[in-house]
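Reviewing the structure listed below.
Only the coordinates and a few stated rules stand behind these numbers; no lab work does. Note that the structure is predicted; figures quoted are calculated from it, not measured. Here the Cβ is made from the backbone with ideal geometry for all residues, glycine too, and neighbour counts use every protein chain on show.
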C-alpha cells in the first residue's frame, strides 16, 4: 500500500479542498471559531491563543497586536498543549487549537499531564471531526477523541451543531476556568438550539424510545426518525451528560445515542444514568476508525451507517426487535 | 524555622534512612540550594503571589534533594520527611503541586516541565510581571523531543525571563556531541557551563541573564555511577 506516500506533506492544510459548509448559507464552524475567538482576544486580556500552524492565518492580525497572547509555535503540538498548561499556571485562560487528531491524540500525554494532572483549565478546540476531510485519510481524522477525554476527569465536551451554538459555548468557556474540549466537525445543522447550562433540547416526545442526536448528527437523524414514535433530544454538549433531561423525558427505557465519533462512546454514561432501570441501549457512530477509504463526508456517512437511511433502519430494528 | 546547607544531608536522611548520600542522590542538591538561598524571589509566605519567581522541577525523579531544601527553607515541615512515599504522605517519589505548597509543577514523566515553563514565561510577560521562571532538567531527560520543541521556540520568542538549568551527570545513553549547551546556544540562548557544586559559580550564572534571550545554565556534576 503506497497511498500514504503520495501525500508529500500530510500535515499542511489541504490545498483546494472546500471547507465544510462553505457552499451553504450557514457559516462553517471553523470560521465561527476564528471570529468568536478573535473577539475574545480583544475583549479579555486573560485569553491566550496557542496554535501549531493550523489556522494561524486566521489570527495573524491579533498575533501582531498581542504577541504574548496569540502564539503560533510552528508545527509543535506537544509544545502547544504544554504551553497552554503553563499559561494557565501563570493565570491566563488558554485556548489551544489544531485538528482534533493533533490537539488531542498527538499531544495526548500533554493533555493528560500538563492540564488534567496539574488541575489547570484550558479550552482545546479540535477541528475536522471524524471525517470532515476523508480524502486526507486517517492521519487527519480523530473519531476517538471523546473516548480519550472520557479517561480523564472533569472535562466539558461541546459538540456544536451550529455556529451560534459554538459562539455561545466559546464565550461561556472563556469566562470559566474549566477544562473544555470543543469538537468542531461535520456539516452544520440549518437551525441552532442555544441551551442554558449545557442542557439538552427536547425536540419532540414519543413513546417507543428516546433518540439523542449529538451536534451535527441532528440533520440526518431528523430525516431518519420522521414518522417514528420517539422522543428526540438534541445534545450540543455531551460532558457533562444531561442526566436530568434524559431521565425526565424517558418513556420506554430504550435509548439510542447518535454520536459523530466512535460508536458507543457514551454507552457507559447511558448505563450509569439508567442503572436502576431495566433498559436497552444502542450506540450509533463511527464503526471503523480506519477504513482506508477516501471520498466525501457523504460516502463516510454511508460507510458508518450514519446517513438518514442507515440510521432509520437501525433505529427501527432496535425499537421493534 | 530554617536550616543551613550543612543540615541538608541530615534532612535527606530522614527520607532515605542513610546518613551519607552519593553523587547520584545529590546531583541537583547544590543548584537547588543556591536557587532558594540566593536567587529565587519566593518564600513560604509568597507561594501564591502572582509576582513570585517560579521554579519548575521538570526532572521529578529523585526529589529528596528538592524536598530537603524545601524543608530547610520552611516550605514544608521537617516532620513530613520520614513518611516519604507512604500513603498518607504529601511527598511522593515524583512531586505533586496539589499536595506540596511551593511546588509549581507536578512532574515525573520527562520532557514536560520545560515546554510548560515556556507557557508560564509567556503568561508572565503578557501580564507584564518581572518574575522569572527557572526550570530544572536532566541531561538524559533532554532525550525527550518535546524539549527540543521548547528550546527552538523559546529562542525565537526571546523569552528573557526563562532560564533552563541542566544538571549534567552524563546519564544520557547516547550523549550530546560537543556538550548539551550547544543545543541551546544554536537557538540563540545565552549559555553558561559551570561546576554544579560551586555555589558562587551557580549564583553568578543565574544572575547573568539577558533581557531578550533565554538563559541555559549547564551544571556539570559527577558522572552517574
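Observations
- Of every Cα-Cα pair in the protein assembly as shown, the percent that sits beyond 31 Å: 52
- Relative contact order, whole percent, for region A:148-300 stands at 22, derived from Cα pairs under 8 Å and 6 or more residues apart.
- Region A:111-237: C-alpha gyration tensor shape, a/c 1.5 cut-off, then a/b vs b/c: prolate
- Of all DSSP-defined beta bridges confined to chain A, some 10% are antiparallel rather than parallel.
- Between residue B:78 and residue A:177, the FRET efficiency estimated from the beta carbon spacing at R0 = 41 angstrom works out to 0.75.
- Modelled this way, with points 7 Å down the Cα-to-C-beta line, the labels at residue A:197 and residue B:45 are 4.3 nm from one another.
- Taking the DSSP bridge list for region A:17-183 and keeping only pairs wholly inside it, about 0 percent are antiparallel.
- Rel. contact order, % - alpha carbon contacts under 8 angstrom, at least six apart, chain A: 15
- Extended-chain gain in nm, criterion 0.36 nm per residue less alpha-carbon gap, residue A:294 and residue A:153: 47.3 nm
- Inter-label distance for residue B:130 and residue A:268, nm, one decimal - labels placed 7 Å from Cα along Cα-to-Cβ: 5.0
- Only helical runs count toward this figure. For chain A, summing -39,500 (n - 2.57) over DSSP H runs of n ≥ 4 and dividing by all residues gives -8000 deg cm²/dmol at 222 nm.
- Calculated [θ] (222 nm, deg cm²/dmol) that DSSP helices of n ≥ 4 give over chain B, each run adding -39,500 (n - 2.57): -8500 deg cm²/dmol
- Between region B:83-119 and region A:253-321, the alpha-carbon centres lie 41 Å apart.
- Rounded FRET efficiency, nearest 0.05, which uses the C-beta distance separating residue B:5 from residue B:173 and R0 of 30 Å: 0.40
- Region B:3-52 and region A:48-125 have their alpha-carbon centroids 33 Å apart.
- Antiparallel DSSP beta bridges within region B:5-220, percent to nearest 5: 5
- Shielding by partners for peptide A:68-76, expressed as the average number of C-beta atoms from other protein chains within 10 Å of each residue's C-beta, is 5.
- Short-range pairs are left out: with C-alpha atoms under 8 Å and at least six residues apart, the relative contact order of region B:5-220 is 20 percent.
- Under 18 Å from a label point set 7 Å out along the Cα-to-Cβ vector of residue A:252, the amide N atoms of region A:277-321 belong to A:277-284, A:311-321.
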